[in-house]
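*Asks:* Sharing a structure below in structure tokens format, with a few things to ask.
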Amino acid sequence: MSRTMISALLGISLVVAAPVAAEAEPAEQITNGGFDSGTAPWWWTANAPGAVVDGRLCATVPEGTTNPWDASIGQNEIDLVAGEPYVFTFTASASTPVTIRANVQLSDPPYTPELSQQVSLTAADSRAEFRFTSSVDTTKAQVTFQIGGSPTAFTFCVDNVSLAGGTAPPPYIPDTGPRVRVNQAGYLPSAAKHGTLVTTSTDPVAWQLRKADGAVAASGTTKPQGIDPTSRQNTHLIDFSSALAGKGYTLSADGETSVPFDIGGDFYQRLRADSLAFFYHQRSGISIDAALVGPAHARPPAHLGVAPNQGDTDVACQPGVCDYRLDVRGGWYDAGDHGKYVVNGGIAVAQLMSEFERVKHHPGALGDGKLRVPERGNGLPDILDEARWELDFLLRMQVPAGKPYAGMAHHKIHDNEWTGLPQLPHLDPKLRELHPVSTAATLNLAATAAQCARLFSPYDRAFAGRCLAAARQAWSAAKANPAIYASASDGNGGGTYDDTNVTDEFYWAAAELYLTTGAPEYRDFVTSSPVHTADVFTVDGFSWQSVAALGRLNLATVPSRLPDRQKVRRSVIAGADKLLATARSQAYGIPYAPSGGQYVWGSNSQVLNNLIVLGTAYDLTRNAAYRDAVLNGLDYVLGRNPLNVSYVTGYGERDARNQHHRFWAHQADPALPNPPAGSLAGGPNSGIQDPVAQDKLKGCASAMCYIDDIGSWSTNEVAINWNSALAWVASFAAGQAEECRE
């Protein structure tokens, strides 16, 4: 392939004559004006929180406001061009007759208006259209609906908001920094060390590794790899595996120099602790102590029924679902919202328990008094303290005896409507609701409660017994109700987490119950399941919706009398070999090659879950190739990737800091913090399902479909099941560093 062809693929185009274009349509300056993608990037004042109702953005305005601007809804970052004409249109209504003011104005004081019009509204939708010519050039205008000033309360709704005119914004070009990409946290001294060069050159080029003082520590030539289809970049591999321990290294090639990085190991110990501290930060129903997390991330307890919260100590079901109320306090907030989901909590808590089970005889940094949890010093390993916070919640989600579907688990609990950004959990005023039971949730409870019984038995026999009883009840209930599926349309106020294939959940639950009890019933279910001999280690990775791998990995590593245990262990090694081959074929060395080349929502967790398979194969064989593949995969997560971004907050010079989150929302409110160190961004997602991603990333290559913006929930959210995978892999890497020092 010629250098000119490479340049074209990299976006470096030649200048050619272009035909005269027809007059362009006016550019649309409003994002998500139809509210088809939720509420982002719209904002509102705290006294009039917005939510999408029947496809419109609606807000209840309190009585007694004085001025129109006392309650407002708006959108910022609007571009205006001086001398250009604009047309502002929308459809709106009010539950009682009121007059509002519709403005296009500057977003900073003194909020100079370019357009300010009174609009009379009634309960019937009315369409408004206004025209103006901008007098300013700015990228900091805003559209606002000033809806205050009414003596009575009312509900305002708006839809089909458009501001057409001016010019289309320039195409978004991500800042990828230097073309030499490295693991920005660092490398282990005894392991393989690789960098990636993005270049138009098709021939090898010279590289140099320099110490912090500028002295050359190593040098060589790159290995061309050709065009990477996931990024459309022409890449070269740089192998500097012979380098010794040190701090502040940089790697240079083709006139570019990487960000600094270390060769050592302490960063993986920190990452293990920080990635686990994420779960304490996400706890519901407890104050988050500044002494453990620092003052910026401390907050009061939430969802304990203290106003303005409406739960979670006495929560009713959605109308028509059940006739009882449950205390479902505690647990972890799932992601950037305030919902709590049994299926996502299930895989997350299982991975934390498996992280402990892997080293339970020598828990070390996972033991009592080692992690940032308030229960430290109670005689229970700290990672199990954290797991118990979620397990207690999962047990509370089980239907009580004597009720319909007794023993099954409710699928989820969350607000009855979506809240906006930012929203501190203790200030969340929305009604909390229990959603229907599901077979998937029930089997998640059976699996995790069975694992709980196994691991807690040496420390708290009463709690272990409670877990085992709940697991058996859940198993029996799931067998009696094997096809109750969560609805794909039940997504107002929270995620659906729908799943219509639960054969993998049955397999996982039976595996955990067998490993804990040794009972023939569960053994026979495992060995007769078609999942038991299926290939469950695909290059797509596994997730909350595909959990067979959880059962297979534990069947391979937890001692038992399973008749074909050696065959199970060989299946893990075979799966790891396939992932190893995939990693070696990828420009950035990751064991992830999704179907059709399309990266999925939370792709970073898919990468990390495949690293767990490779790490388990290393535990089974001590083959260094598996260990090195795990560390190479961490390179990708920590910066050696097409965007040159560390997806883990606090690790690397170019780290993700604006993940989608209700209360780690510094980008939306400078008074609030960024995410704490150790928080993992979801990562590239070819689907780009949110307005920010759709606006900025249209046409992106799969591995480039990511933006560090709080409004991009489809590429930049956090989630407990993503951080649980990171914690497992970080613990593995930290263990390799500790082994090397012994």
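The values are calculated or read from the model by the stated rules, or taken from the named source; none is laboratory data. Values in this document were obtained by computation on a predicted structure and should not be read as measured data. For neighbour counting, all protein chains shown are included, and Cβ atoms are generated from backbone atoms with ideal geometry for every residue, glycine included. Protein only, heavy atoms only, side chains kept; ligands, DNA and RNA dropped before computing areas. Shrake-Rupley method; radii C 1.70, N 1.55, O 1.52, S 1.80 Å.
*Asks:* Which semi-axis lengths, in whole Å and largest first, follow from the square roots of five times the eigenvalues of the Cα gyration tensor of the range 541-601?
*Replies:* So the three semi-axes of the range 541-601 are 27, 15, 8 Å.
*Asks:* Continuing with the same structure: Using a 7 Å offset from Cα along Cα-Cβ at Ala401, what residues in the range 428-472 end up with backbone N under 15 Å from the label point?
*Replies:* 466-472
*Asks:* So what are the radius of gyration and Dmax for the Cα set of the range 452-508, in Å?
*Replies:* That works out to 15.2, 43 Å for Rg and Dmax.
*Asks:* Once a ≥ b ≥ c are taken as the square roots of the eigenvalues of the Cα gyration tensor of the range 689-742, is the result rounded (a/c under 1.5), prolate (a/b larger than b/c) or oblate (a/b not larger than b/c)?
*Replies:* prolate
*Asks:* So, one more: Order Trp601, Trp664 by their accessible area, 1.4 angstrom probe, all chains in place, largest first.
*Replies:* Order by accessible area, largest first: Trp601, Trp664.
*Asks:* For the range 391-537, what is the convex hull (Cα atoms) projected area averaged across all directions, in square nanometres?
*Replies:* 11.0
*Asks:* Binned at 5 Å from 0, what are the whole-percent values of the Cα-Cα distance distribution for the range 220-328, short to long?
*Replies:* Here the calculated profile for the range 220-328 is 2, 8, 10, 11, 10, 9, 9, 8, 7, 8, 7, 7, 4, 1, 0.
*Asks:* Give the accessible area for Leu424 in Å² (nearest 10); use a 1.4 Å probe, count only protein heavy atoms, and leave out ligands, DNA and RNA.
*Replies:* 50
*Asks:* If you build the convex hull over the alpha carbons only and average its shadow over all orientations, what do you get for the range 154-285? Give it in nm² to one decimal.
*Replies:* Projected area, direction-averaged: 15.8 nm².
*Asks:* Quantify, in whole percent, the carbon and sulfur part of the accessible surface of the range 185-242 (1.4 Å probe; protein heavy atoms only).
*Replies:* Within the range 185-242, the accessible surface is 49 percent carbon and sulfur.
*Asks:* Amide H neighbours of Cys317 under 5 Å, at least 5 residues apart or on other chains, H built in the peptide plane: list them.
*Replies:* When sequence neighbours closer than 5 places are left aside, the close amide H contacts are Cys322, Tyr324, Leu434.
*Asks:* Let me ask something else. Could you sort Trp713, Trp69 by their accessible area in this structure, using a 1.4 Å probe and putting the largest first?
*Replies:* Largest accessible area first, the list is Trp69, Trp713.
*Asks:* For Thr221, what accessible area in Å² do you get when you roll a 1.4 Å probe over the heavy atoms of the protein chains, rounding to the nearest 10?
*Replies:* Roll a 1.4 Å probe over it and Thr221 shows about 100 Å².
*Asks:* With a ≥ b ≥ c the root eigenvalues of the C-alpha gyration tensor of the range 398-483, is it rounded (a/c under 1.5), prolate (a/b larger than b/c) or oblate?
*Replies:* oblate
*Asks:* Given the rule -39500 (n - 2.57) for each run of at least 4 DSSP H residues, summed and divided by the residues of the chain, what is its mean residue ellipticity at 222 nm, to the nearest 500 deg cm²/dmol?
*Replies:* -9500 deg cm²/dmol
*Asks:* Given a 1.4 angstrom probe, what's the average accessible area per residue across the range 377-453, in square angstrom?
*Replies:* Spelled out: the 1.4 Å probe surface of the range 377-453, per residue, equals 25 Å².
*Asks:* Between Ser595 and Ser489, how high is the FRET efficiency from 1/(1 + (r/R0)^6) when r is the Cβ-Cβ distance and R₀ = 22 Å? Nearest 0.05.
*Replies:* 0.30
*Asks:* Okay, moving on. Can you give the direction-averaged projected area of the convex hull of the alpha-carbon atoms in the range 599-742, in nm²?
*Replies:* 9.1
*Asks:* Can you pull the percent of the range 685-742's accessible area that's carbon plus sulfur, 1.4 Å probe, other chains left in place?
*Replies:* 44
*Asks:* Restricting to the chain, compute how many DSSP beta bridges are antiparallel as a %, nearest 5.
*Replies:* Here the share of antiparallel DSSP bridges comes out near 95 percent.
*Asks:* Given a 1.4 Å probe and heavy atoms of the protein chains only, how would you sort Glu433, Glu521, largest accessible area at the top?
*Replies:* Glu521, Glu433
*Asks:* Computed FRET efficiency, Cβ-Cβ of Thr60 and Arg584, R0 60 Å: what is it to the nearest 0.05?
*Replies:* Working from the Cβ atoms, E equals 0.55.
*Asks:* May I pose another question? If you project the alpha carbons of the range 67-166 onto their three principal axes, what span does each projection cover, largest first, in Å?
*Replies:* Cα extents, longest axis first: 39, 26, 17 Å.
*Asks:* Now a separate question. Normalised by the residues of the range 403-460, what does the relative contact order come to in percent, with Cα pairs under 8 Å and at least six apart?
*Replies:* 41
*Asks:* Let me ask something additional. Starting from the coordinates of the alpha-carbon atoms of the chain, obtain the Kirkwood hydrodynamic radius over all distinct pairs and give the value in Å to one decimal.
*Replies:* Final number for the Kirkwood radius of the chain is 27.5 Å.
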